[in-house]
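Here the structure comes first, spelled out in structure tokens, and everything after it is commentary.
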Amino acid sequence: MTDWIDISQPLSPQIAHWPGDTPFQYRLTASIEETKSVNIGNIHTSLHIGTHIDAPYHFSATGKTVDQLPIEPYIGRAVVIDVSHTKTINAQVLSAMDWPSNTKRILLHTSLENQPDRFPAKLPYLDPDIAPFLQAKGVHLLGVDMPSVDAPDSKDLATHHALAAHGIYILENVMLDTVPAGEYELIALPLPIQGADGSPVRAVIRPIRKGSMSNDR
């Protein structure tokens with residue numbers, strides 16, 4: 001029996017997409033009845049659908065694309081932190097939280113309710129000042145249970161740029177409503193899509209039992 005927890009939003013025609021962006025569609029292009037052997041389907045979608053990562057190229061013309069990103073930030077020890085008590089998440093809020101000194105990946109459970117079929121009109125505010133704070137703590141991946149680390153109507157994407165400038169990779173739309181705060185093993189690998197600005201991921205976590213993982217992951 002596995003103790004892995006799927007924190008991904010299921011991909012279906014009902015999943016919410018960014019207003020004006022490409023919705024998710026799966027269709028069967030050839031059936032077993034037609035091929036006499038297999039079903040074959042295809043998908044048509046934005047790369048920023050559901051649970052996904054942002055490559056720096058998403059918000060910077062000179063940023064790295066998905067296939068240029070290292071694998072290490074997206075797999076290893078992570079800490080889920082509950083910040084659902086506030087609508088503004090800044091360095092001061094995070095400094096009041098306690099997590100192990102060797103933490104490289106943070107997943108924030110915010111006050112936004114997980115509703116994959118609804119695109120939220122407003123998000124909790126992530127202050128760009130979290131970027132230097134997290135870098136100083138040794139964090140190199142920030143995951144959030146929101147579709148973006150910036151407001152839906154933001155044009156300057158200040159938090160995206162601040163995180164990238166401080167070497168912190170971005171994971172968005174994880175589902176943490178029923179996940180207790182604590183330490184987990186995380187796997188949230190993007191697809192190696194050449195030249196891409198982002199990628200959907202299957203994000204899963206598993207509670208860490210004492211002594212079950214080395215401290216350097």
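The values are calculated or read from the model by the stated rules, or taken from the named source; none is laboratory data. The shown structure was predicted, so the numbers you read here are calculated from the model rather than taken from an experiment. Counting neighbours? That spans all protein chains shown, and the Cβs are built from the backbone with ideal geometry, glycine included.
Of the set (1) closer than 17 Å to D197 by Cα; (2) of a type in the set (A, V, I, L, M); (3) in a helix (DSSP H, G or I), all apply to V149 but (3). Here S60 fulfils each of the conditions (1) touching a Leu at 6+ places or on another chain (Cβ under 6 Å); (2) surrounded by 12 or more Cβ atoms within 10 Å (Cβ to Cβ) apart from (1). What are the residues in the stretch 160-212 that are polar (S, T, N, Q) and either part of a loop (DSSP other than H, G, I, E, B) or without any contact (Cβ under 8 Å) to a residue 12 or more places away in the chain (or both), if any? Once the filter is applied, which keeps residues that are polar (S, T, N, Q) and either part of a loop (DSSP other than H, G, I, E, B) or without any contact (Cβ under 8 Å) to a residue 12 or more places away in the chain (or both), the stretch 160-212 yields N173, T178, Q194, S212.
Figure legend. Inter-residue proximity from the stretch 79-102: first residues surrounded by 13 or more Cβ atoms within 10 Å (Cβ to Cβ), second residues aromatic (F, W, Y), beta-carbon distance below 7 Å, spacing 6+ or different chains. Indicated pairs: V79/W99; V80/Y184; I81/W99; K87/Y125; I89/Y125; A91/F133; L94/F133. Identify, please: which residue in the stretch 113-139 is polar (S, T, N, Q) and assigned to a loop (DSSP other than H, G, I, E, B) and is, among those, farthest from A181 (Cα to Cα)? The residue in question is Q115. Here P116 clears all of (1) farther than 17 Å from Y74 by Cα; (2) more than 16 Å from the chain's Cα centre (by Cα) except the condition numbered (2). Once the stretch 84-104 is narrowed to residues that are of a type in the set (A, V, I, L, M, F, W, C) and not in a loop (DSSP other than H, G, I, E, B), the residue that is nearest to D197 (Cα to Cα) is I89. Residues that are of a type in the set (S, T, N, Q) number at least 1 in the following strands (runs of 3 or more DSSP E) confined to the stretch 1-71: 25-30, 40-44. For the residues L107, L142, the requirement of being assigned to a strand (DSSP E or B), of a type outside the set (F, W, Y) and in contact with a Gly (Cβ under 8 Å, 6 or more places away or on another chain) singles out L107. Being over 17 Å from I130 (Cβ atoms), of a type in the set (A, V, I, L, M, F, W, C), modelled with pLDDT of 95 or more and not in a loop (DSSP other than H, G, I, E, B) is a property that I81 lacks.
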